[in-house]
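The values are calculated or read from the model by the stated rules, or taken from the named source; none is laboratory data. Keep in mind that this is a model prediction, so the values were computed, not measured. Cβ atoms come from the backbone with ideal geometry, glycine included; neighbour counts cover every protein chain shown.
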Amino acid sequence: MPSASPYELRPAAATEFDVVGYGENSIDFLAVTGTFPAPDTKADLQALEMQPGGQTATAVLAAARLGCRARYVGVFGDDSWAGDVRAALSAGAVDVVAIERAGVSTRTAVVLVDAEGRRTVLERRDPRLALSDGEIDPAVFQSTRILMLDATDVPGSIRAAQAARAAGSRVMVDVEKPVEGLEQLLELAHVVIASAGFSRSAAAKAAAAYMPVWITTLGADGSVAREGGREIRTPASAVSVRDTTGAGDVFRGAFAARWAAGGDVDLEGLLAYANAAAALACRSIGAQGSLPTTAEVERLLGAAASGRGKSL
């Protein structure tokens, strides 16, 4: 990206981390079936797995897998599932800043996956899984070059973004649906990465007018980015898809990782890298089941550039 731009990052030597994320963590129950059953019928269950997930937790873990110095800040329940989620992050070389809520359950999701890898998510999150004002030292959010947020806890994300911007850090926001206070959060972002369903809304189009970069992930159709007056469309990479759960989260983690690693890499390069990583994340069941390495992403990009169209 161009120097002296909103995307110029703080020097790596000036921060403890390349990426810090605050937002959702989850335990996911993944049920794989050939086709979704009609009401009052039965269908074969091909696989049933329990895995860690969550938007920002997965994005930060993906960034660490791709070479970032990474930290995750999260609010956890006090059940055994919280330990599973934290253990996955720690095993992936992510520094974890954890706030534990006594008597509160971890956010859970039941993910129904069909034969084409499409998923439907049924989720439950206790509203107490949110940061209270003053509960985290703002310096935690200033220890990074890039702060990644979602809109699960909007007041907490706003405070984190304000702290990060005060230190000169860049802010990425993951958006899935309209929620109260979202406009204020978007005004603090340098990059917004939204799901296709949200980006079709009138509210998102209005917000995009003041966003430096607004990116929409389009699943099998890749992504589209709008920066100023230009539009950049990037196709999806060819892979054998088993489950699309977490692909958007990996897209965000990979975008941040390439941004942190590449210095003046242009937006087209960031999008191609993120699309390739997201595709590779679809190779197995679960949001964190097949997080790609840097070598795998570069291999897939190389295959696409050579015209071989290889599926990995």
Answer residue from region 153-174, given it is out of contact with any helix residue (DSSP H, G or I) (no Cβ under 7 Å at 6 or more places or on another chain) and of a type outside the set (Gly, Ala, Ser) and is nearest to residue 214 (Cα to Cα) among those: 170
Residue match in region 284-292 (condition: farther than 21 Å from residue 225 by Cα, over 14 Å from the mean Cα position of the chain (by Cα) and aliphatic (A, V, I, L, M)): yes
Any hit, region 6-25, residues being touching a Ser or Thr at 6+ places or on another chain (Cβ under 9 Å), in a loop (DSSP other than H, G, I, E, B) and at pLDDT below 95: yes
Listing of helices (runs of 4 or more DSSP H) fully contained in region 92-205 that carry 1 or more residues being surrounded by 14 or more Cβ atoms within 10 Å (Cβ to Cβ) and modelled with pLDDT under 95: 182-187, 196-199
Where residue 127 falls short, out of the listed (1) farther than 13 Å from residue 57 by Cβ; (2) touching a Leu at 6+ places or on another chain (Cβ under 9 Å); (3) of a type outside the set (D, E, K, R): (2)
Exclusive hit being out of contact with any strand residue (DSSP E or B) (no Cβ under 7 Å at 6 or more places or on another chain) and under 24 Å from residue 294 (Cα atoms), set 35, 58, 15: 58
